[in-house]
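**Student:** One structure, pasted below without further comment.
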Amino acid sequence: MSATTEELRQACQMLQLDPCQTLTPELVRKQYLKLALRLHPDRNPAPDAAEAFRNLGEAYELALASVAQGAAAQLEKRQTEALLSVFFRALRGEDVRAELGRMGVHQPPSDFGVDLNSPFDARVELDGDEGGAADVAAAFRDIFQEEGLTEEGDPVDGYAFPLGEEI
């Protein structure tokens, strides 16, 4: 469930939370329970108590999903940035196998069909004399073009397929 900014603002208002403050699952749950006890139809004699209680539940679910979605996105972004950092260090010739192991990224077994001695995608022939620098940017550009990707975007936030094309 992806909420718009306005929906999240309304959910925070219903939960009596400041939308500018950093929301945590614990804070959202605590505020929901506090208000649920007050608005529950068994404890609240108001004629619209059942509807208010349902709306509170919807606001709680929306706010909690938004908090979880934001936390998951931040975690994925940090992991991607760390992996890219290691990748670029590997391109410079550093041995990063131990660090990849600590990150939970392991090399596949040799019988997995992957040539681990090849520094780049097998589709790309690297031009450069022995010991000379290869054109890494051109190699990636060729791969992106083969896959139908544009150069819009960045490695952390992703690359986009050209408009109007289906995957």
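**Student:** Show the residue pairs that are 6+ apart or on different chains and have beta-carbon atoms under 8 Å apart, the first residue being within region 23-43 and within 17 Å of residue 58 (Cβ to Cβ), the second being hydrophobic (A, V, I, L, M, F, W, C) and outside any helix (DSSP H, G or I).
**Tutor:** 23/17; 28/15; 28/17; 31/15; 31/17; 32/15; 35/15
**Student:** Which condition number in (1) more than 18 Å from the chain's Cα centre (by Cα); (2) open to solvent by less than 40 Å² (accessible area, probe 1.4 Å) is the one that residue 45 fails?
**Tutor:** (2)
**Student:** Scan region 9-42 residue by residue and report those that are surrounded by 15 or more Cβ atoms within 10 Å (Cβ to Cβ) and of a type in the set (Ser, Thr, Tyr).
**Tutor:** 32
**Student:** Every residue in region 76-103 that is under 21 Å from residue 140 (Cα atoms), among the acidic types (Asp, Glu) and without any contact (Cβ under 8 Å) to a residue 12 or more places away in the chain, please.
**Tutor:** Selection gives 94 alone.
The values are calculated or read from the model by the stated rules, or taken from the named source; none is laboratory data. Note that the structure is a prediction, hence the values are computed from the model and not measured. Don't worry about glycine lacking a Cβ; one is built from the backbone with ideal geometry, like all the others, and counts go over all protein chains shown. Note: areas computed on protein heavy atoms with side chains; ligands, DNA, RNA excluded. Shrake-Rupley method; radii C 1.70, N 1.55, O 1.52, S 1.80 Å.
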